[in-house]
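Take this structure, written in structure tokens, and hold onto it; I'll ask about it next.
The values are calculated or read from the model by the stated rules, or taken from the named source; none is laboratory data. Predicted model only: the values in this text are computed from it and were never measured. Note that we place each Cβ from the backbone using ideal geometry, even for glycine, and neighbour counts take in every protein chain shown. Remember, those area values only see protein heavy atoms, side chains included, never the ligands or the DNA or RNA. Shrake-Rupley method; radii C 1.70, N 1.55, O 1.52, S 1.80 Å.
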Amino acid sequence: MKIKEYPQVTAFDDGDFLLKDGTNGTKIIKASDAAKGFLDSLIDPIAHASIYRGKSLGTSFTTAQKAAIADGSFKDLFVGDYWTDGSRKYRIADMDYFYNVGDTAFTKHHLVVVPDKNLYSGMMKSDGTTTGGYVNSDMRLTGLANAKTTISAFFGDGLLTHRDYLVNAVSSGRPSGRSWVDSQVEIMNEIMVYGCHIFSPANDGSNIPNNYTTAKKQLALFRLNPQMVNTREYYWLRDVVSSNCFACVGAGGYARFGDAGNACGVRPYFCIG
């Protein structure tokens, strides 16, 4: 039969194969693998950060995955892909987000990863104030310790440390100081989640605030799939809103802020590579 004489279809089915012929002989390839291969060979690696796939990457961080990050190819890794650790899902949120950032440049290729749901809940600061900013909050000083332990147990030495620029002082309810710090596991800010400031101080024509952040664009995960913002849970964001409140995401999908001394969800981000 001639090719045009075969029955016609308009879509691939699970298990479909294509014929591949080339320098290594004639072979078959699954249609799904062919699509992935075309993407890997035809687009720039960083374009993987503009494609939401949502595929399971398994129950462990493999040597091959680590190598695909380290060499900057991001082969078979796309935004929305996830690892499963018991009841938790760790999802790729962006790629090379902090590349070349820091008082010491961060030059390791990396993925930014965010869990689908809160890891637990906790308060930002036990005295109910934002004094000392996020850097000096109870959340950052001690409250993220359990998250670091859990994440390190799964990703091992794949968990990376980079330098970041964070608020360390507050005056009249506004950020007033900053410092470069070693960063591993952190709480997200409004820009990373929403793509803009909501409650954090903005220029009012007379006061020009500095929100002291290198996280200045929305994570690709939330840009490509806004549903991932809305987990039906409250979770903290690190932005100072007033002398006693930090920003947070509301359970109903709305932007909120909460008293620093109240308990709220901990949904951190971290870099792996």
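So, for the chain, what is the accessible surface per residue at a probe of 1.4 Å, expressed in square angstrom?
Ligands and nucleic acids excluded, the result is 49 Å² per residue.
Carbon and sulfur: what percent of the chain's accessible surface (1.4 Å probe)?
On the chain, the fraction of accessible area on carbon and sulfur atoms equals 51 percent.
Which of the following values of P(r) over Cα pairs in 10 Å bins from 0, in percent was calculated from the structure shown: [x] 6, 25, 27, 19, 13, 8, 2, 0; [y] 6, 27, 31, 18, 9, 5, 2, 0, 0; [z] 6, 27, 33, 23, 9, 2, 0?
Recomputing P(r) over Cα pairs in 10 Å bins from 0, in percent here gives the entry labelled [y].
Report, to one decimal in Å, the Kirkwood hydrodynamic radius for segment 136-237 based on all distinct Cα pairs. Display every interim value, and only then the final one.
Numbers: mean 1/r = 0.0646 Å⁻¹.
Across segment 136-237, the inverse of the average 1/r is 15.5 Å.
Listed here are the pairs Lys66/Lys148; Lys108/Lys217; Lys30/Lys217; Lys117/Lys216; Lys27/Lys108; which of them are more than 28 Å apart at the Cα?
The pairs that break the limit, which is 28 Å between Cα atoms, are Lys30/Lys217; Lys27/Lys108.
Enumerate the amide H contacts of Asp85 below 5 Å, restricted to partners 5 or more residues apart or on another chain; note that Pro and chain-start residues carry no placed amide H.
Placed amide hydrogens put Tyr90 under 5 Å from Asp85.
Give, in whole angstrom and from largest to smallest, the semi-axes √(5λ) of the equivalent ellipsoid of segment 1-88, with λ running over the eigenvalues of the Cα gyration tensor.
For segment 1-88, the ellipsoid semi-axes come out as 30, 17, 13 Å.
Could you work out the helix-only [θ] at 222 nm for the chain, with each DSSP H run of four or more residues adding -39,500 (n - 2.57) and the total divided by the number of residues, to the nearest 500 deg cm²/dmol?
Helices in the chain give a 222 nm mean residue ellipticity of -4000 deg cm²/dmol.
Between Thr214 and Cys196, how many nm apart are label points set 7 Å from Cα along the C-beta direction?
2.7
Starting from the Cα gyration tensor of segment 34-179, multiply each eigenvalue by 5, take the square root, and state the resulting semi-axes largest first in whole Å. Working shown, then result.
Numbers: eigenvalues 211, 71, 34 Å².
Equivalent-ellipsoid dimensions as semi-axes: 32, 19, 13 Å.
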